[in-house]
1. After finding the eigenvalues of the alpha carbon gyration tensor for the range 3-61, what semi-axes result from the square roots of 5 times each, listed largest first in whole Å?
2. Remind me, relative contact order of the range 3-61 in percent, using alpha carbon pairs under 8 angstrom and six or more residues apart?
Amino acid sequence: MGAAFWIKRYLLAAVPLFAILVVAEYVKGTTTRANILSAALWAAVAAGIFIGAAYRRHRKGQECAACDAALAVPAKTGKPSKGGKKP
């Protein structure tokens, strides 16, 4: 996984988070330049921590329990498959 992969992953985390934080500031009625810069800073820091942790797990070869749960393979039930053979 090269640099482009991690940059894309960072942007996929930071951009939506920034949008959510800006909308929250807008709903509160405070959309000054300082609030928008604060939202950008918090989004950058949070995405950095998230991607840093993912990169660290990747470098150490550790599994991600949440990722494994999301991509769980159904257990074999012993029932015949559509082809009529047991798996």
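No value in this document is a laboratory result; all are computed from the given coordinates. Note that the coordinates shown come from a computational prediction; the quantities given were computed from them, not determined experimentally.
1. Details: eigenvalues 153, 17, 13 Å².
Here the semi-axes work out to 28, 9, 8 Å.
2. On the way: 27 pairs, mean separation 26.4, N = 59.
The normalised contact order for the range 3-61 reaches 45 percent.
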